[in-house]
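The values are calculated or read from the model by the stated rules, or taken from the named source; none is laboratory data. None of the values given here were measured: they were computed from a predicted structure. Here the Cβ is made from the backbone with ideal geometry for all residues, glycine too, and neighbour counts use every protein chain on show.
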Amino acid sequence: MIPPVLPTYNRAPLAFVKGEGSWLTAEDGRRYLDLGSGIAVNALGHAHPALVQTLTDQAQKLWHVSNVYTIPEQERLAQLLTGNSFADTVFFTNSGTEAAELAIKMARKFHHDAGHPERTGIVAFEGAFHGRSTGAIAAAGSEKMVKGFGPLMPGFVHLKWGDSEGARAAITNDTCAVIIEPIQGEGGIRVVPDAELKLLRELCDETGTLLIFDEVQCGMGRTGRLFAHEWAGVTPDIMMVAKGIGGGFPLGAVLATERAASGMTAGTHGSTYGGNPLGCAVGARVVELIADPAFLAEVARKGALMRQGLESLVARHPAVFDSVRGEGLMLGLKCKPAPADVVKAGYEAGVLTVAAADNVLRLLPALNIPDADIAEALARLDQAAVRLETAQ
Ligand SMILES: Cc1ncc(COP(=O)(O)O)c(C=O)c1O
């Protein structure tokens, strides 16, 4: 018999009742060190006092009004984002998937209004993840995600990850856009080299193609910069963010230059909940805290500290771990056994991690994780590795 909750997830038999900082407490009272953060969502940890305060203050004033009215909290968050990025304008969504849909619509509308309605083709990359709508699965194109859901939104061309030659051939004067995650999350913490991002920018500039960065997972301070692309010194025309921007409140956004957004006039897009006062009040507090250069420098320092510890885990447990990858606090451990087995051993050791493709275990702790919790996390990962070694 089908359960009351549609069984689309492979759930662990763990249910949590409370969160505080980097720690989660399960129903049985056991505490777990959370290195998953709801898959890069709880950027400031669980129940951050400033976010609890902002949420409760706003909840007592106003939760929701329609986008037919001006929403001051939305305008404030948009100003914070444009003031701290390449973007001139922002549209708010409830999720990364919705941001992907708008990014695609915006790019196509730009060329349509520029007199080139035939420029609809979008270049995407193997291993990508942009969400679960029919448009977003077409963009990612993997067999696993699209099988059984056709016909898909047409117009996507898929290149192998890191295929510069393929990019040179595929990006032409007829291309609408290129969509890429500067660091693939679900794909296995694959960091696109700076030179590759620069090449894509150049090819887009030469051909009038729009460059879309999907920073849903790698953005919002995760790499030690507010946005991951800042490391490469190039900017996109359109960018999707979500996850960390709400710190746990469902919130996403599309950021764009004035030029790229020029087709999105009144009536061309909308959302009932996107950008509601409650979400935007929380989002603004999150951005204020994360965009602080001192905070970002700490993320980079903590990332280096954690990476160093992970490198020595790899050295101590060569039968379990192969190598470390990532940037800042978006880290991956390439595993020898299936990462799902390492995740399970982690549960037993009281540490929560997330599996990804390419046999990688993802570590996405709260950006403000205390150094003592990093040390504890490494000790627990060590215990998990020992469990796996003794079980072999
Ligand atoms: C890079 C990337 N893009 C888009 C999405 C989709 O976001 P959401 O699940 O909020 O719809 C995700 C979610 O994991 C993601 O990692």
From (1) buried (at least 16 other Cβ atoms within 10 Å of the Cβ); (2) under 21 Å from the mean Cα position of the chain (by Cα), pick out the condition that doesn't hold for HIS111.
(2)
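Only one residue in GLY252, GLY274 is within 23 Å of ILE179 (Cβ to Cβ), touching a residue at least 40 places away in the same chain (Cβ under 8 Å) and touching a Lys or Arg at 6+ places or on another chain (Cβ under 9 Å). Which one? Even if it seems obvious, please write down each step before you answer.
Values: GLY274 fails: touching a Lys or Arg at 6+ places or on another chain (Cβ under 9 Å).
When all the criteria are applied, what remains is GLY252.
Tell me yes or no: at least one residue of the range 269-291 is farther than 28 Å from GLN60 by Cα and exposed (fewer than 15 other Cβ atoms within 10 Å of the Cβ).
No.
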Given the residues LEU197, LEU211, which is the only one that is within 16 Å of the ligand (Cβ to nearest atom) and either part of a strand (DSSP E or B) or β-branched (Val, Ile, Thr) (or both)?
LEU211
Only listed residue being over 23 Å from the mean Cα position of the chain (by Cα), in a loop (DSSP other than H, G, I, E, B) and not assigned by TED's automatic domain parsing to the domain that holds TYR273, chosen from LEU6, LEU44
LEU6
Answer yes if at least one residue in the range 301-316 is in contact (Cβ under 8 Å) with a residue 60 or more places away in the chain and closer than 30 Å to PRO72 by Cβ, and no otherwise.
no
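Within the range 153-168, can one find any residue that is in a strand (DSSP E or B), within 11 Å of the ligand (Cβ to nearest atom) and touching a residue at least 12 places away in the same chain (Cβ under 8 Å)? It would help to see each step written out before you state the result.
Restricting attention to the range 153-168, the residues satisfying the condition of being in a strand (DSSP E or B) are 156-159.
Adding the requirement that they be within 11 Å of the ligand (Cβ to nearest atom) leaves none.
Within the range 153-168, none of the residues are in a strand (DSSP E or B), within 11 Å of the ligand (Cβ to nearest atom) and touching a residue at least 12 places away in the same chain (Cβ under 8 Å).
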Could you list, in sequence order, the residues of the range 205-225 that are touching a Ser or Thr at 6+ places or on another chain (Cβ under 8 Å) and surrounded by fewer than 24 Cβ atoms within 10 Å (Cβ to Cβ)?
THR207
Between VAL68, VAL90, VAL17, which is β-branched (Val, Ile, Thr), touching a strand residue (DSSP E or B) at 6+ places or on another chain (Cβ under 8 Å) and farther than 20 Å from GLY219 by Cβ?
VAL17
Got a number for residues in the range 120-148 being touching a Gly at 6+ places or on another chain (Cβ under 8 Å), more than 15 Å from the ligand (Cβ to nearest atom) and in a loop (DSSP other than H, G, I, E, B)?
1
Which residues, taken from the range 56-83, are closer than 30 Å to THR25 by Cβ and either free of Cβ contacts under 8 Å to residues at least 12 places away in the same chain or surrounded by fewer than 19 Cβ atoms within 10 Å (Cβ to Cβ) (or both)?
THR56, ASP57, ALA59, GLN60, TRP63
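Within the range 235-255, restricting attention to residues that are in a loop (DSSP other than H, G, I, E, B) and near the ligand (Cβ under 10 Å from one of its atoms), which residue is farthest from LEU199 (Cα to Cα)? I'd like the intermediate steps shown before the answer.
Keep residues of the range 235-255 that are in a loop (DSSP other than H, G, I, E, B), which gives 235-237, 242, 248, 250-251.
Checking which are near the ligand (Cβ under 10 Å from one of its atoms) leaves us with 242, 250-251.
Values: ALA242: 26, PRO250: 34, LEU251: 31 Å.
So, considering only residues that are in a loop (DSSP other than H, G, I, E, B) and near the ligand (Cβ under 10 Å from one of its atoms), the one farthest from LEU199 (Cα to Cα) is PRO250.
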